[in-house]
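Q: Once you've had a glance at the structure underneath, I'll fire off some questions.
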Amino acid sequence: MRGEALIQLGRGLKDEKGNVETISIDFVSRFADLIYIEQNVKSMLKKALMLVLDLTGFRIGYIHLIDEKTQQLKLYAHHGLSKEYQDEITDIQFVESIPGKAVKRKKPLIVKNLTEITDLSGTITRKGRMMYHASFPLKFGDQILGTLSLTTDQKERLTRNKVDLLVALAQQISMAIGNRQLFDKICKAKSEWESAIDSLSDLILICDDEFRILKSNRVLFDRYGYLLENVMGRDCDEIFYNEKTFAVSFYDYKRMVRTGISFAEEVESPRYGGVFAITISPLLNMEKQLIGSVHIIKEITETRQLEREKKDLWDRMACISDGLVELDERGAIRTWDQGAETLLGYSEKEVKGKFLDKAILSEELRESYEEFLARICADGYVGELETEGLTKDGRVIPLSLTLGAKHNHHGKILGITGFIRDIKDRREKGEKKIQTAKDLAMEGVMRKVGNFFENILDDILDRLNLETEDSKEGGRTEDLKGIEEAALKGVAMVRKLRKFDKEGAEEGFGRVNTQHLFRELIALTREKWAEDIETKGIQVEVSEDQRKLSPIHGDKGELREALLHIISNAMESMGPGGTLTLKSRNDRHWITISITDTGIGMKPEEKRRAFDPFYSSRGPEREGMGLTISQWIVRRHRGEIFIKSERARGTTVITRLPVSKQNGFEDR
């Protein structure tokens, strides 16, 4: 409300005797100068309060402002209060006083003929009788900033004109406070903005509507060597947009910006070297008129160099069938090429943004991957990790992860690039070499050990036969019988060990009807483990190839023994309610027999050592020779045997035997 309006409100004010009073122009001038020129808020409020008291004739007055943090009314200015009562109303809740109630109502609150009532007045005075207590909210737009409160113990009346005048004065005070608070916020925001743009590594320029430089961040001096005072007011083209510095088209950018369109271009700088991205954005007023522009000059030399190196790398590796991947600095997948999708079955959309180990590795292998990733990121070298990956269809395949971290000149990791390779063939070749060496060593050792112990055990048995008749009379028959049983077990074990002797490798081989072998295996399983099937509720399921199984060249008895060892392990691994599945398949060149259980499965270490002699995961009392013998028999028949297993999900042992190419062999 302007001064003329205040004067108009002041006309018609009457004193106690009914005489008409008028606000003087001098009062309006002093009040306006005070609230709009005085910079200190507290000082302004104190002086404004005195002017209001002089004008209205009230003896006591005070002004509260709302504390944004505590949401309490805080005393900022007062007159006529004793020290005791100042302390009582320094900080008050909204519901504790007439000022608080005025804030809640968002309207003036006037109470007449008050006696001493603490919860309403804050015990402003204890003497006499208060005739009036009035509080006026200080409103700035829709926001309540505080209250202007007046109190008198005189017999003075508040006329309607005087109330309107006080409302108008309170509005003027609140506008002054709101404008100052808004100005303080703008100054703070300006300071924070300047600090923020000064912390950027990009050059920020603010220009007027004629593209003359007005403001800049510190990069102007730190990177480009100019002081702001030396370039202020000069045209951008003169300083930056020229053939020696940044050869952008000044005609194009000015035309675009003047029509309200941002301009962007990448250029190489002869003066500063490297590649720079330049963006110029218009600043428009409410009428869409150009009032200035913001210029951002960003050096992208390192980014473009990295992109070129990345493109070169990917171009060189495009012919490789392995999967190419790119990770961010945290190890999350950025790019995933067709080779990776073919290898593992996941599309780029399915894995993008996921961490590589969580996308393709089982939980027990993630720790070793995280250690590997930490090493290559810390040391900055290219490393290789051999592990096992999970395909989309649930298969486990051996993988090699070759990764290298890219750092900038500050040592910060920009990304990780590498490829994923299927190393099944490499691992199998390595395992075959190791196994061949182990087999050769085992054959020699077992032949010698077998011969040695067989001779000893034969001698023990011969002596036992001689002593048996003599010992019957002495009551030692049971002891000798126990010795005999132990010796017979030893003989059986030695015979198992001697199977590693390859002398006469195909002795006794003939044509084996695999159809009969598979069905015989089913019958033996149900007969031999009938008790487990009944008591433990184990189900035996059969999936037989509908095509007739082709014959193979071999020894039927040995093959039956090999498969029964596998079934024995499967039955022992399952608890109540398990399922054993026997499956046959006739391929063109192979007969495949798979034996699957729903038992506890194998740990990676158990799976790796499953075929080792004397190794058992079920304790030292077990021989640990079953799968060793099975593997030896299958290999003696030029076949393959391998294991698929996952902890808590069961195990499948797959035996593949080559179809016989010979005819006329006797069935065995």
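The values are calculated or read from the model by the stated rules, or taken from the named source; none is laboratory data. As the structure is a computational prediction, the values presented were derived from the model and not from experiment. Every residue, glycine among them, receives a Cβ derived from its backbone with ideal geometry; neighbour counts consider all protein chains shown. Remember, those area values only see protein heavy atoms, side chains included, never the ligands or the DNA or RNA. Shrake-Rupley method; radii C 1.70, N 1.55, O 1.52, S 1.80 Å.
Q: Computing the accessible area with a 1.4 Å probe over protein heavy atoms, can you report the carbon and sulfur percentage for the stretch 61-100? Before the final figure, lay out each step's value.
A: Values: 930 of 1970 Å².
Exposed carbon and sulfur together represent 47 percent of the surface.
Q: Another question, if that's okay. Taking all protein chains in place and a 1.4 Å probe, what share, in percent, of the accessible surface of the stretch 335-398 do carbon and sulfur account for? Don't jump to the answer; show the numbers that get you there.
A: Values: 1730 of 3610 Å².
For the stretch 335-398, the apolar C and S fraction of the accessible surface comes to 48 percent.
Q: Could you list the residues of the stretch 538-582 with an amide nitrogen less than 18 Å from a label point located 7 Å from the Cα of Glu531 in the Cα-to-C-beta direction?
A: Counting backbone N atoms under 18 Å from the label point, the list is 538-539, 568-577.
Q: If you filter the stretch 34-98 for GluC sites (Glu not before Pro), then keep DSSP loop positions with at most 16 other Cβ within 10 Å, what is left? Write down the numbers at each step before the final one.
A: On the way: sites: Glu38, Glu68, Glu84, Glu88, Glu96; in loops: Glu38, Glu68.
Sites meeting the loop and neighbour criteria: Glu68.
Q: Right, here's the next one. For the stretch 504-631, what % of the accessible area comes from carbon and sulfur atoms, probe 1.4 Å?
A: On the way: 2960 of 6350 Å².
Looking at the stretch 504-631 in its full context, I get 47 percent from C and S.
Q: Something else: Taking R0 as 51 Å, what FRET efficiency do you get between Lys104 and Glu363 from their Cβ-Cβ distance, rounded to the nearest 0.05?
A: That pair, Lys104 with Glu363, gives E of 0.30.
Q: Can you give me the accessible area per residue for the stretch 545-590, using a 1.4 Å probe, in Å²?
A: On the way: 2040 Å² over 46 residues.
With all protein chains present, the stretch 545-590 gives 44 Å² per residue.
Q: So with the 1.4 Å probe, I'd like the accessible area per residue for the stretch 138-292, rounded to whole Å². Present the calculation step by step, with values, prior to reporting the outcome.
A: Numbers: 8440 Å² over 155 residues.
Roughly 54 Å² per residue, with all protein chains present.
Q: May I pose another question? Could you compute the FRET efficiency for Ile296 and Arg609, with r as their C-beta to C-beta distance and R0 at 56 Å, rounded to 0.05?
A: Values: r = 62 Å, r/R0 = 1.11.
Rounded to the nearest 0.05, the efficiency is 0.35.
Q: Shifting gears a bit: What FRET efficiency comes out for the pair Asn408/Arg308, r = Cβ-Cβ distance, R0 = 22 Å, nearest 0.05?
A: It comes out at approximately 0.90.
Q: Let me ask something additional. How high is the relative contact order of the stretch 197-324, in percent, with contacts defined as C-alpha pairs under 8 Å that are six or more residues apart?
A: Numbers: 204 pairs, mean separation 28.2, N = 128.
Computed value for the stretch 197-324: 22 percent relative contact order.
Q: Taking K and R as +1 and D and E as -1, what net charge do the other residues with C-beta under 12 Å from the C-beta of Thr279 add up to?
A: Values: positive: Lys298; negative: Asp202, Glu265, Glu266.
Every neighbour counted, the sum reads -2.
Q: What is the sum of charges around Ile413, taking Lys and Arg as +1, Asp and Glu as -1, for the other residues whose C-beta is under 11 Å from the C-beta of Ile413? Please list the in-between numbers first.
A: Working: positive: Arg330, Lys406, Lys412; negative: Asp328, Glu329.
Here the count lands on +1.
Q: Provide the net charge surrounding Arg180, with neighbours chosen by a C-beta distance below 12 Å and charges set as Lys +1, Arg +1, Asp -1, Glu -1. Intermediate values should be presented prior to the final figure.
A: Numbers: positive: Lys42, Lys185; negative: Glu38, Asp184.
So the surrounding residues net to 0.
Q: Could you state the accessible area per residue of the stretch 324-422 in Å², with a 1.4 Å probe and every protein chain left in place? Write down the numbers at each step before the final one.
A: Details: 4980 Å² over 99 residues.
Roughly 50 Å² per residue, with all protein chains present.
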